[in-house]
């Protein structure tokens, strides 16, 4: 398990862009299960959509990428520093299955499919309860900052 204090040490994101609240399970180099509490206080709900607040799909994908980053750093046995950055490099087979609304708990799951030369490929999905909200294959890269 990883609480918010440990997450803040691993990810450079901060409010309003930190989208992982807790890590529930972490199987080193294999898989991660994390949690995002979705609240009405999220700044994006003001405009998406005023009459029916729905979490933007791109932010669900970003939350999955952040959870995947936590898995990557754990697999590498490293913590990010000022000389490294973790990029979202691609997404494939993206499917949105249900809207995510205020009050939902988004369970973020990522499985590491492969890693080579700082490139990571993940099979991911996010659920609300037992319902699939989104699934995607994500590619991320760790690179040195020049």
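The values are calculated or read from the model by the stated rules, or taken from the named source; none is laboratory data. Since the model is a prediction, treat every value here as computed from it, not as a measurement. Counting neighbours? That spans all protein chains shown, and the Cβs are built from the backbone with ideal geometry, glycine included.
Quick check: anything in segment 56-78 in contact (Cβ under 8 Å) with a residue 12 or more places away in the chain, part of a loop (DSSP other than H, G, I, E, B) and touching a strand residue (DSSP E or B) at 6+ places or on another chain (Cβ under 9 Å)? Scanning segment 56-78, I find no residue that is in contact (Cβ under 8 Å) with a residue 12 or more places away in the chain, part of a loop (DSSP other than H, G, I, E, B) and touching a strand residue (DSSP E or B) at 6+ places or on another chain (Cβ under 9 Å), so the answer is no. In summary, residue 123 fulfils each of the numbered conditions (1) under 16 Å from residue 20 (Cα atoms); (2) modelled with pLDDT of 95 or more with the single exception of condition (1). Within segment 114-129, the set of residues being closer than 28 Å to residue 51 by Cβ and either over 16 Å from the mean Cα position of the chain (by Cα) or not in a strand (DSSP E or B) (or both) comprises just one member, 129. For segment 91-113, indicate whether the set of residues that are modelled with pLDDT under 95, surrounded by 14 or more Cβ atoms within 10 Å (Cβ to Cβ) and touching a helix residue (DSSP H, G or I) at 6+ places or on another chain (Cβ under 8 Å) is non-empty. There is no residue in segment 91-113 that is modelled with pLDDT under 95, surrounded by 14 or more Cβ atoms within 10 Å (Cβ to Cβ) and touching a helix residue (DSSP H, G or I) at 6+ places or on another chain (Cβ under 8 Å). Per the conditions (1) at pLDDT 95 or above; (2) buried (at least 19 other Cβ atoms within 10 Å of the Cβ); (3) over 25 Å from residue 132 (Cβ atoms), the sole criterion not satisfied by residue 86 is (1).
Per the conditions (1) part of a helix (DSSP H, G or I); (2) buried (at least 17 other Cβ atoms within 10 Å of the Cβ), the sole criterion not satisfied by residue 44 is (2).
Inspect all residues belonging to segment 90-111 and state whether any of them is out of contact with any strand residue (DSSP E or B) (no Cβ under 8 Å at 6 or more places or on another chain) and either within 20 Å of residue 29 (Cβ to Cβ) or in a strand (DSSP E or B) (or both). Looking for residues that are out of contact with any strand residue (DSSP E or B) (no Cβ under 8 Å at 6 or more places or on another chain) and either within 20 Å of residue 29 (Cβ to Cβ) or in a strand (DSSP E or B) (or both), one finds none in segment 90-111, hence no. Scanning segment 11-35 for residues that are within 15 Å of residue 71 (Cβ to Cβ) and either part of a strand (DSSP E or B) or out of contact with any helix residue (DSSP H, G or I) (no Cβ under 7 Å at 6 or more places or on another chain) (or both) turns up 22, 23, 24, 25, 26, 27, 30, 31, 32, 33, 34, 35. Just one residue in the set 137, 101, 111 is farther than 19 Å from residue 3 by Cα, over 15 Å from the mean Cα position of the chain (by Cα) and touching a residue at least 12 places away in the same chain (Cβ under 8 Å); that residue is 101.
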